[in-house]
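The values are calculated or read from the model by the stated rules, or taken from the named source; none is laboratory data. Remember, it's a predicted structure, so these values are computed and weren't measured experimentally. No Cβ is skipped: glycine too gets one built from the backbone with ideal geometry, and neighbour counts run over all protein chains shown. Remember, those area values only see protein heavy atoms, side chains included, never the ligands or the DNA or RNA. Shrake-Rupley method; radii C 1.70, N 1.55, O 1.52, S 1.80 Å.
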Amino acid sequence: MTLDAAQEYTVEIAASQADCFATVLDFDRYPSWASAVAQTRVLTRGPGAVARTVEFHIDAKLKTIRYVLEYACKKPTQLSWHSIDGDVELIEGAYRFVKLSPTRTAATCRQEIRLGFWLPGPLRALAARTALQQSVSEFKTEVERRVAAAEKPRGRGARES
């Protein structure tokens, strides 16, 4: 993977590496929390039923953009991808999850997108950076929401010991 023109963004997430990895692999639920993702469809799965190829439909306001990404993972520290079909020339990227403590993880997303049509360089870089920061921030929010939901008591009638 050559990401010379890539954008990169890192956040600290109040969750374990495993929680981050489980959320990033849950492609079916992306449309419920990733604002730009209108639809996803897992096309193929690899070992352990982990998604191998996933089709995305992105709401780009003026048009819906379709692309298919192929994934490779090293649980629980890295998920990488590259485009194999769709409306864009190239998408390559990776998420890295670094354990800071049992309940804190540094999540870094690095991605390069080549649209396949001309857009002025400064505008293209700004759009890519803004989109990446938004998607990583939404990912952080979703992971932390899932962790908080899992920690809630299981009902009002539960006894305390």
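Things to note:
- Among the residues here, GLU160 does not qualify as open to solvent by less than 30 Å² (accessible area, probe 1.4 Å) and at pLDDT below 95.
- Considering (1) closer than 18 Å to LEU132 by Cα; (2) touching a Phe, Trp or Tyr at 6+ places or on another chain (Cβ under 7 Å); (3) open to solvent by 50 Å² or more (accessible area, probe 1.4 Å), the lone condition that CYS20 does not fulfil carries the number (3).
- Members of region 31-63 that are in a helix (DSSP H, G or I) and more than 22 Å from LYS75 (Cα to Cα): PRO31, SER32, TRP33
- The requirement of being assigned to a strand (DSSP E or B), among the aliphatic types (A, V, I, L, M) and on the phi < 0 side of the Ramachandran plot is satisfied by LEU100.
- Selection status of ASP28, closer than 30 Å to ALA149 by Cα, among the acidic types (Asp, Glu) and modelled with pLDDT of 95 or more: yes
- Scanning region 44-58 for residues that are touching a residue at least 12 places away in the same chain (Cβ under 8 Å) and open to solvent by 70 Å² or more (accessible area, probe 1.4 Å) returns a single hit, ARG52.
- Among the conditions (1) within 14 Å of the chain's Cα centre (by Cα); (2) modelled with pLDDT of 95 or more; (3) open to solvent by 40 Å² or more (accessible area, probe 1.4 Å), the only one that ARG41 does not satisfy is (1).
- Region 75-102, subset at pLDDT 95 or above and charged (D, E, K, R), residue least open to solvent (accessible area, probe 1.4 Å): GLU92
- Residue within region 118-127 that is at pLDDT below 95 and surrounded by 18 or more Cβ atoms within 10 Å (Cβ to Cβ) present: no
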